[in-house]
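Take a look at the structure set out below.
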Amino acid sequence: MAAQLGRRLRKGATSSAVVAAAVAALAASQAPGVTPPPTDNTSGDQALGIGDPSVPPDGSATGDSPYYTALPPLNTPNKPGTALDTPIVTGPAEAGIPASVLAAYKRAEQSIRSSDPSCHLPWQLLAGIGKVESGQARGGRVNADGTTLSPILGPVLNGVGFADISDTDHGAYDGDTKHDRAVGPMQFIPSTWATWGQDANGDGRKDPNNIYDAAQAAGLYLCAGNRDLAVKADLDRAILSYNRSTEYLNTVLSWFEYYKRGTHQVPDGTGVLPADRGDVPSSGQSPSPSPVTPSPSKPVTPSPSPSPSKPTTPPPTPPPVTQPPVARVARLADSGTGTLQATAGGVFAARPTIVALDAAGEPVAGLAVRFEIVGTTDSHFGGGAKSITVTTGPQGKVVSPAVRAGEQPGAFTVRASVEGRKLLPVDFTATVTVRQADALAADTEELTAVTSSGFADRILVKATLDGAPAASVGLTAAVLTAGEDPQPAAEGPHFKDAKGDPVRTLTGLRTDEKGLLTLPDLFADDQAGTFVLRLTAPGGGTVDILLKVTTAEPAPKPTPTPTPTPTPTPTPTSSPTSPPASTPSPTPTSTGSAPSPSASPAT
């Protein structure tokens with residue numbers, strides 16, 4: 001371990017002999033392994049930092065930088081990390097954790113437990129490390145989004161009393177282009193932050209000076225290598241990977257146990273800054289860039305220790321009183337939202353973006369802004385939600401969640417307003433357009449029928465958009481006259497409505513999830529000829545089908561049946577006993593005289 005200046009531990013609180021064997025066994029496991037951080041999307045996080053999983057050149061998260069060695073108040077000199085049978089005497093000052101810092105620790109625990117439940121990360125472990133690394137971000141001196149009011153930097157790691165780590169970040173985080181320094185409330189060196197840095201507060205930056213980002217990164221770092229922090233050996237390995245020191249291990253474990261037995265929230269900026277940091281005076285000032293190494297021949301004589309009842313740490317200066325964001329905001333303004341337009345069933349690419357400003361035009365961070373969908377529409381923010389509240393970031397900006405378009409076309413309003421304050425809202429007009437198809441195809445090019453009958457086949461149509469099936473697209477089918485200038489037909493082929501009346505234009509037809517539509521039955525009236533059935537879709541898709549109606553062939557005239565020739569009636573034959581009747585021959589008469597009917601022939 002690198003030399004620490006002026007380090008003092010409470011007598012009896014730690015013993016290197018207790019953990020010496022453990023440290024020797026863990027010497028090969030003091031870095032976070034080779035597994036990159038997992039992906040986590042809890043509470044809308046961005047994907048967590050996937051970086052170079054190699055072991056940092058210093059072998060620890062902090063480069064074994066100095067830390068605060070003060071221990072929590074104990075009734076008994078039990079060794080840190082062991083069970084304490086006697087309750088800890090907890091005063092409000094020692095057990096208090098600043099509100100933003102406490103929220104960051106708990107949020108990191110929840111987030112990491114959702115992505116890596118087998119690690120069993122407790123937030124009290126983060127609190128213990130945060131206590132010894134930075135005194136809980138210098139007593140919680142952070143702004144509304146959790147960023148420290150001034151950078152927290154460790155000493156220059158130039159090999160003089162500490163590790164020798166050449167610059168790895170070109171001074172981006174620590175301001176030093178020659179050597180690295182530990183940065184932020186969790187004291188990451190730049191090379192480690194490059195791998196494990198996180199954006200836990202969603203402001204688009206991975207900032208080691210932000211307590212939310214730093215706490216999340218620390219949790220992931222401690223869980224690396226498939227560690228289970230509920231197992232004592234893995235817990236010790238995790239802490240030693242942060243700083244390779246038996247004293248560091250015991251100090252963190254002391255605070256870990258202390259916080260597990262009870263803590264409470266205090267306002268930001270009012271936390272107690274511990275004394276006894278290895279490289280700085282007990283006033284808690286930032287470490288000197290060039291720490292002084294005591295001469296071996298002339299050891300530094302420590303100043304007399306003050307009485308325990310009179311701590312040397314002066315009370316922290318309370319932060320200036322500021323109004324809450326809702327009281328400071330003067331107006332909301334659009335911040336380059338763009339056009340809000342989407343196709344039915346899709347997602348609006350643009351998202352309403354707001355900036356909150358005070359009376360001087362300065363951004364207001366931490367302000368709750370309510371986004372609400374107003375108007376007759378089935379569009380929503382997701383899950384059917386019509387309103388949602390989002391908090392402005394450090395630049396006073398806030399972006400609405402994505403708006404999902406419903407099936408109902410038309411315009412509606414997305415309204416942004418301040419919760420708890422009557423200010424002029426900002427309205428955004430959003431428009432939903434109908435689903436589209438740029439191409440239609442039918443399974444036939446021509447259908448035929450005879451007058452006063454039905455077309456034998458039904459027509460199947462497929463709609464596509466950019467070559468993909470276009471689902472739920474509304475189509476129109478119209479019967480037109482044939483020719484160079486087709487017009488709506490007044491007679492000829494037709495569909496039938498619910499009453500059975502002829503209809504030659506159909507609307508409201510809709511494709512299924514595969515982009516397919518089967519048309520209703522078509523019928524022909526007594527008008528013969530050639531017609532066109534034209535199908536159209538929003539987006540330009542169209543297809544024509546030729547309809548031919550022919551006249552039915554007339555029924556052939558029946559061939560007349562010939563009249564049969566009557567058969568003559570035969571003359572009756574006289575009886576053999578009866579003499580045949582004699583037919584008298586006409587007797588010539590004298591001129592002008594008629595024969596007498598009764599005259600008998602002359603004998």
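The values are calculated or read from the model by the stated rules, or taken from the named source; none is laboratory data. Keep in mind the model is a prediction, meaning the values are calculated, not measured. Because the Cβ atoms are built from the backbone with ideal geometry, glycine has one as well, and the counts that use them run over all protein chains shown.
Of the helices (runs of 4 or more DSSP H) lying entirely inside region 173-263, the ones with 1 or more residues being more than 26 Å from P117 (Cα to Cα) and either under 37 Å from the mean Cα position of the chain (by Cα) or touching a residue at least 12 places away in the same chain (Cβ under 8 Å) (or both) are found at 190-196, 246-260.
Name the residue, out of G508, G492, that is assigned to a strand (DSSP E or B), touching a Ser or Thr at 6+ places or on another chain (Cβ under 9 Å) and modelled with pLDDT under 95. First the steps, then the outcome.
Numbers: G492 fails: assigned to a strand (DSSP E or B).
G508 is the lone residue from the list that is assigned to a strand (DSSP E or B), touching a Ser or Thr at 6+ places or on another chain (Cβ under 9 Å) and modelled with pLDDT under 95.
Give the number of residues within region 127-164 that are in a loop (DSSP other than H, G, I, E, B) and touching a strand residue (DSSP E or B) at 6+ places or on another chain (Cβ under 6 Å).
Number satisfying all stated conditions: 3.
For region 367-388, does any single residue satisfy the condition of being assigned to a loop (DSSP other than H, G, I, E, B) and either among the acidic types (D, E) or in the same structural domain as G204 (by TED's automatic domain parsing) (or both)? Within region 367-388, one or more residues are assigned to a loop (DSSP other than H, G, I, E, B) and either among the acidic types (D, E) or in the same structural domain as G204 (by TED's automatic domain parsing) (or both). The condition (being among the acidic types (D, E), over 30 Å from A356 (Cα atoms) and surrounded by 13 or more Cβ atoms within 10 Å (Cβ to Cβ)) is satisfied by just one residue among D485, D427, D466, D438: D438. Hey, does region 195-215 have a residue that's surrounded by 24 or more Cβ atoms within 10 Å (Cβ to Cβ), over 27 Å from Q265 (Cα atoms), in contact with a strand residue (DSSP E or B) (Cβ under 9 Å, 6 or more places away or on another chain) and of a type in the set (D, E)? No: region 195-215 contains no residue that is surrounded by 24 or more Cβ atoms within 10 Å (Cβ to Cβ), over 27 Å from Q265 (Cα atoms), in contact with a strand residue (DSSP E or B) (Cβ under 9 Å, 6 or more places away or on another chain) and of a type in the set (D, E).
Listed here are the residues, each with its yes/no results for (1) small (G, A, S); (2) modelled with pLDDT under 70; (3) within 20 Å of T195 (Cβ to Cβ); (4) in contact with a Cys (Cβ under 9 Å, 6 or more places away or on another chain).
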| residue | (1), (2), (3), (4) |
| --- | --- |
| N78 | no, yes, no, no |
| A83 | yes, yes, no, no |
| A103 | yes, no, no, no |
| D116 | no, no, yes, yes |
| L121 | no, no, yes, yes |
| V142 | no, no, no, no |
| T148 | no, no, no, no |
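Taken over region 519-550, the residue count meeting the criterion of being in a loop (DSSP other than H, G, I, E, B), on the phi < 0 side of the Ramachandran plot and buried (at least 18 other Cβ atoms within 10 Å of the Cβ) is 6.
So, D180, is that one among the charged types (D, E, K, R), farther than 30 Å from T270 by Cβ, crowded, with 23+ Cβ neighbours inside 10 Å and assigned by TED's automatic domain parsing to the domain that holds I97 or not?
yes
Among the residues of region 142-155, those that are more than 33 Å from the chain's Cα centre (by Cα) and either of a type in the set (S, T, Y) or buried (at least 22 other Cβ atoms within 10 Å of the Cβ) (or both) comprise S150, I152, G154, P155.
Taking the condition more than 19 Å from the chain's Cα centre (by Cα) and modelled with pLDDT of 90 or more, does V326 pass? Working first, answer last.
Numbers: more than 19 Å from the chain's Cα centre (by Cα): yes; modelled with pLDDT of 90 or more: no.
In short, no.
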